[in-house]
Amino acid sequence: MPNIEHPAYPAATLLQLESLVPCRESQVSMLLSIFGERQQFSFPSIFIYGHTSSGKTYVMQTLLKTLQLPHVFVNCVEYFTSRLLLEEILIQLQRDATSETKQTSHVPCDNFNDFVRLFKQAVASQEIQDQTLYIVLDRAEQLREMEANVLPAFLRLQELTDRNVTVVLLSEIVWELFRPSTGCFEPCTLYFPDYSIGHLQKILSQNHPPEYSADFYAAYINILLGVFYMVCRDLKELQHLAVLNFSKYCEPVVSGEANERDTRKLWKNIEPHLKKAMQTVYLREISSSQWERLQREDGEPGQLKGLSAHTHVELPYYSKFLLIAAYLASYNPVRTDKRFFLKHHGKIRKTNFKKKHEKTSNHLLGPKPFPLDRLLAILYSIVDNRVAPTANIFSQITSLVTLQLLSMVGHNDQLDGPRYKCTVSLDFIRAIARTVNFDIIKYLYDFL
């Protein structure tokens, strides 16, 4: 017995819709109840909210297309001004009214008064007065950045145009953050909850390759969710990870070393590769083809370059040199600055340096605090061109502290300047130094 039922639509269509939107049957049933029949006036405005990747956009698109309801779908991020947004709605209405061979003419729309007038004309030419027209605004939180009258006007569009139209707002934030201080028409709100682990298992298992059994792929999805569910519940990201790592999971079966039911061998084979993938959840630092090539090379996780977010931090040019100078100040003794950063420092015997601390590595002791003056002095020495101590340089130091690449130590008293510590690792700073062609090893006391 189908979970989605409505007397206005054929049972076969509803059954097809149910198969396309798994685990969202209750939300679809609620929407169909609100929509009513085609010729009935629906609720003037509907507000649908939920976290990212909870199926809001997909369910609305699938619902409207499967039931062949007249609609306009606009992303408010793409059309980020009120003029662009209103014109795009009118263009889509014209495109539906005219044949595909005819090119739609651009109609300028400067304000909402013009939009109401042009909207009435477009609906009349489309001959859909006896059906509800749905205007879906995805990423609707962008409406708050537009003119103050845009959001209240969309919520009352049915009243302003005297037409059978429903505006659907899709957002990731709650309605309370939308409501204007002056008040507005309250929409019908509908919440899309996050997918549970059972829902994700069911949805991801539907995409199993035809050459493998459904049980085999379901066992793989169960392993994948066991590893990633605590750190990632984004359906799109999990689908990407499932496609990316499935070939590695199948290797023992393809080579004949194990069968589909030998879960222990399959798990031992895929475990190190899932650990590597954990480092790049939500990141696209390398393409899928590069990732597959690295898997084929069977490199150790520690030898895998480019899979750590820290090795690919994008920083401004001088911020990179500031970070390099901070690392040198943290891990080099103060007495070595003259040796490393003065051109005519005279002859300094290395043995004198190493007598007292010949068995102590500064990298084992950890970073030491340094004053701002020393940081700037090292910066001016390692940068080729002249750098003025402007507010831009000081603001970049603050940004590095905010990014937790530097940490401020001590109190901000007025008698003494601020002191900092560099918190990044050696691999991290070497990767940063390579981007500016700076050989940091030559300037580290521990590597003399």
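The values are calculated or read from the model by the stated rules, or taken from the named source; none is laboratory data. For clarity, every value in this text was computed on a predicted model and none was experimentally measured. When we count neighbours, we look across all protein chains shown, and the Cβ atoms used for this are built from the backbone with ideal geometry, even at glycine. Protein only, heavy atoms only, side chains kept; ligands, DNA and RNA dropped before computing areas. Shrake-Rupley method; radii C 1.70, N 1.55, O 1.52, S 1.80 Å.
Probe radius 1.4 Å, ligands and nucleic acids ignored: give me the carbon and sulfur share of the accessible area of segment 33-143 as a rounded percent.
Values: 2480 of 5340 Å².
Result for segment 33-143: 46 percent of the exposed heavy-atom area is carbon or sulfur.
Of the chymotrypsin sites (Phe, Trp or Tyr not before Pro) in segment 166-200, which ones lie in a loop per DSSP and count no more than 15 other C-beta atoms within 10 Å?
Loop-located and lightly packed - PHE185.
Provide the solvent-accessible area of ASP194, counting protein heavy atoms only and rolling a 1.4 Å probe, rounded to the nearest 10 Å².
That residue has around 70 Å² of solvent-accessible surface.
Using a 1.4 angstrom probe, figure out how much accessible area segment 67-212 has per residue, in square angstrom, rounded to the nearest whole. Can you show the working numbers first?
Details: 7500 Å² over 146 residues.
Roughly 51 Å² per residue, with all protein chains present.
Report the relative contact order of segment 1-121, percent, no decimals, based on alpha-carbon pairs under 8 angstrom and at least 6 residues apart. If you can, show how the numbers build up before the last one.
Numbers: 79 pairs, mean separation 20.7, N = 121.
Here the relative contact order equals 17 percent.
Can you list residues whose amide H is under 5 Å from ILE173's amide H, if they're 5+ apart or on another chain and H is modeled 1.01 Å from N?
GLY50
Could you order ARG374, ARG430 so the one with the most accessible surface comes first? Probe is 1.4 Å. It would help to have the intermediate numbers written out before the result.
Working: ARG374 30, ARG430 100 Å².
In descending accessible area the options line up as ARG430, ARG374.
So how much accessible area does VAL227 have, in Å² to the nearest 10, using a 1.4 Å probe?
40 Å²
Please list 3J(HN,Hα) in residue order for segment 422-429, calculated via the Karplus relation 6.51 cos²θ - 1.76 cosθ + 1.60 where θ = phi - 60°; whole Hz, with x for glycine and proline.
For segment 422-429, the Karplus curve yields 8, 9, 8, 8, 5, 4, 4, 5 Hz.
Out of residues 5 or more away from PHE47 or on other chains, whose amide H comes under 5 Å of its own, with H placed 1.01 Å from N in the peptide plane?
LEU169, CYS188, THR189, LEU190
From the backbone phi of segment 255-261, what are the Karplus-calculated ³J(HN,Hα) couplings (6.51 cos²θ - 1.76 cosθ + 1.60, θ = phi - 60°) in whole Hz, Gly and Pro given as x?
Whole-Hz 3J(HN,Hα) from phi for segment 255-261: 7, x, 6, 8, 9, 5, 9.
Each residue of segment 231-239 in order: what ³J(HN,Hα) in whole Hz does its phi give by Karplus 6.51 cos²θ - 1.76 cosθ + 1.60, θ = phi - 60°, with x for Gly and Pro?
Listing the rounded values in order: 10, 8, 10, 7, 4, 5, 5, 5, 5 Hz.
Keeping all protein chains in the complex and leaving out DNA, RNA and ligands, what accessible area do you get for ASP262 with a 1.4 Å probe, in Å² to the nearest 10?
My reading of the accessible area for ASP262 is about 50 Å².
What percentages, rounded to whole numbers, describe P(r) for segment 125-256 computed over all alpha carbon pairs with 10 Å bin width beginning at zero?
For segment 125-256, the binned pair fractions read 10, 29, 18, 18, 17, 7, 1 percent.
Between HIS71 and residues 5 or more places away or on another chain, which pairs have amide H atoms under 5 Å apart, with H built 1.01 Å from N, and which residues are they?
The answer is TYR134.
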